[in-house]
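What follows is calculated from the coordinates using simple rules that are stated; it is not laboratory data. Here the structure is a predicted model, which means the values were calculated and not measured. Every residue, glycine as well, gets a Cβ built from its backbone with ideal geometry; the counts of neighbours run over all protein chains shown.
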């Protein structure tokens, strides 16, 4: 059953990348640049997700962190906080996510690992 659940989650993340790519392809070069998205990588497909060059600065946006606690319930609390953060971001519009430099397909990754702020 876990394998099926994992495959479903992987499929949904892949589907999110496809839909995000479709939306991003409709944006102007300037909008992509402002969002920190590489047009070349975007044109190469989902295999080049998150479509950013490693040395390329990203658009300014809020840093997202998952808070960890040091008590016996930290794993449960961290998982609840993770799921709540994912739910909060999924409730946002595509425009709000793009303003933060996150596509729908990046939500779980951004919550789990955070995002990079633009170097000042």
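Here are the numbers for this structure:
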| item | result |
| --- | --- |
| Burial order of peptide ranges 18-29, 41-52 (average beta-carbon count within 10 Å, highest first) | 41-52, 18-29 |
| Ordering of 11-17, 91-97 by burial proxy (mean other Cβ atoms within 10 Å per residue, highest first) | 11-17, 91-97 |
